[in-house]
Amino acid sequence: MQFLKDFLYLFFPKICITCQENLLSNEYILCTMCKYDLPLIDNNTHTNKKLASIFFGKTDINMVKSFLYYRKEGKVQQLIHHLKYKNREDIGSFLGNWFGHQLKEQKLFTNINYIVPVPLHPKKLKLRGYNQVTKFGISLSNILNIEYKPNILIRTSISKTQTLKQRFERFSNTNTKFKLTNIQFFENKHILLIDDVITTGATLEACCNELLKTKNITISIATLAYTEKT
Ligand SMILES: O=P(O)(O)OC[C@H]1O[C@H](OP(=O)(O)OP(=O)(O)O)[C@H](O)[C@@H]1O
């Protein structure tokens, strides 16, 4: 099998998503240099406080964690761009596995009952072909041993992408776009709501406000990246 892989590699060398150098056969998605150059948030107390403050006084969150800093023109932006728009769902698994092991090591999210993705509107899902957070969610589910539960929270209206908007516009863009298909399903449960990027938090806040219609629900949040306010 390794022989076949090496043989195929001769004709179809894979390249690093961010620097475009050829990958070695034991490298995946990123070359080793780019991998270790990624800006991990890890236990940065200042950032973790800033993340928590995004939701303070707006909605009721137990804990929020994000894996990477998202910077304009940076490596993380390239990764997320390929994940969302270039059919590179495997990036979701790659980052999800890495983040999942970090969370496990830190013994975080040990009391979660379900992992719930921010849903896409069915029209956008059809266009894109996949929800970019699915593979991330499934990786976390496998590593943390928590059930992945899409389809209870759905998106009911299609909105223009947040990606090209300024901060103020992002807030006005996300009014009540989410609905629970079953208002009791998460009763007395602690759920981990996941998304790819958090910028203003408007998308996640709208999801939380719908989820909070369920009695005695606890919500924590995990995202692959965070656009720090400068
Ligand atoms: O914290 P916020 O300011 O709400 O921004 C974060 C949201 O914006 C992006 O979605 P977007 O609507 O651009 O998704 P799309 O590319 O799928 O349209 C991203 O995938 C998050 O869901």
| Counting just the residues of the range 107-124 that are touching a strand residue (DSSP E or B) at 6+ places or on another chain (Cβ under 9 Å) and surrounded by fewer than 14 Cβ atoms within 10 Å (Cβ to Cβ), which one comes out farthest from Val64 (Cα to Cα)? | Pro122
| request: Select, from Phe67, Phe109, the only residue that is more than 28 Å from Ile158 (Cα to Cα) and either within 11 Å of the ligand (Cβ to nearest atom) or in the same structural domain as Ser220 (by TED's automatic domain parsing) (or both). | output: Phe109
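Table: residues versus (1) closer than 26 Å to Leu83 by Cα; (2) among the aliphatic types (A, V, I, L, M).
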{"residue": "Gln184", "(1), (2)": "no, no"}
{"residue": "Glu187", "(1), (2)": "no, no"}
{"residue": "Leu193", "(1), (2)": "yes, yes"}
{"residue": "Thr200", "(1), (2)": "yes, no"}
{"residue": "Cys208", "(1), (2)": "yes, no"}
{"residue": "Leu224", "(1), (2)": "yes, yes"}
| field | Residues within the range 209-230 that are within 15 Å of the ligand (Cβ to nearest atom) and within 12 Å of Val64 (Cα to Cα), tallied | value | 6
| Considering the range 200-225 alone, what residues qualify as being open to solvent by 10 Å² or more (accessible area, probe 1.4 Å) and within 21 Å of Lys135 (Cα to Cα)? | Thr203
| task | Tell me, please, whether a residue that is at pLDDT below 95, touching a Ser or Thr at 6+ places or on another chain (Cβ under 7 Å) and not hydroxyl-bearing (Ser, Thr, Tyr) can be found in the range 182-203. | result | yes
| query | Which residues, counting only those in the range 189-216, are assigned to a loop (DSSP other than H, G, I, E, B) and either within 18 Å of the chain's Cα centre (by Cα) or under 16 Å from Ile146 (Cα atoms) (or both)? | reply | Lys189, Thr199, Thr200, Gly201
| Going through the range 217-230 one residue at a time, which ones are in a strand (DSSP E or B) and within 19 Å of Ile112 (Cα to Cα)? | Thr218, Ile219, Ser220, Ile221, Ala222, Thr223, Leu224
| field | Filter result (within 15 Å of the chain's Cα centre (by Cα), of a type in the set (Phe, Trp, Tyr) and open to solvent by less than 80 Å² (accessible area, probe 1.4 Å)) within the range 41-92 | value | Phe67, Tyr69, Tyr70
| Residues (within 13 Å of the chain's Cα centre (by Cα), under 19 Å from Ile198 (Cβ atoms) and without any contact (Cβ under 8 Å) to a residue 60 or more places away in the chain) located in the range 93-111 | Trp98, Gly100
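The values are calculated or read from the model by the stated rules, or taken from the named source; none is laboratory data. This one's a predicted model, so the numbers in the text were calculated from it and none came from an experiment. Every residue, glycine among them, receives a Cβ derived from its backbone with ideal geometry; neighbour counts consider all protein chains shown. Side chains included, ligands, DNA and RNA excluded: accessible areas come from the protein's heavy atoms. Shrake-Rupley method; radii C 1.70, N 1.55, O 1.52, S 1.80 Å.
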